[in-house]
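Structure record follows, encoded as structure tokens.
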Amino acid sequence: MKKITMMIPLNFNSGDEIPQEQVDFITERILNIAGGYTSRRVEGYWQNEEGKTFKDDNLEVTTSTTSDNIEALKNVASQACLMLNQEAIYFEVQDIEELNFVASEVAQAI
């Protein structure tokens, strides 16, 4: 299994807010490919090759998936770059040694 983390900007580089419908379109594509995700709002900074610093308010989207879905998720990130007029979007892939979804049935009395 792989853990994918992607940063979806919430503002255009002009500072204008990205319409929620566009963010929803991107996250729905992630959901359709990976079957689920967790998200939270985060703040990030980065510099381009010319040294210009950008501050981004982002939606950090994290999902777990098989290796077969990595290219499809990278494609979502690439399309999001075009749609949101971004130079780049953060996309991280990590190996997951073990992944469990623990149900209440396995709980023991404390």
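Here, each number is a calculation from the coordinates, and none is a lab measurement. Computed from a prediction, not measured in an experiment: that's the story for all the values here. No Cβ is skipped: glycine too gets one built from the backbone with ideal geometry, and neighbour counts run over all protein chains shown.
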Exercise. Could you give me the radius of gyration and the Dmax of segment 1-107, taking only the C-alpha atoms into account and expressing both in angstrom?
Key: 15.3, 56
Practice problem: Could you please report the charge total around Glu87, scoring K, R as +1 and D, E as -1 over all other residues with beta-carbon less than 13 angstrom from its beta-carbon? | Solution: -2
Quiz item: Over the chain, what relative contact order in percent results from Cα pairs under 8 Å that are six or more residues apart?
Solution: 41
Self-check item: Dipole magnitude (debye, nearest 20) for segment 33-93, charges at Cβ of Lys, Arg, Asp, Glu
Solution: 180
Self-check item: lysines with Cα under 19 Å of Lys3, excluding same-chain neighbours fewer than 8 positions away
Solution: Lys74
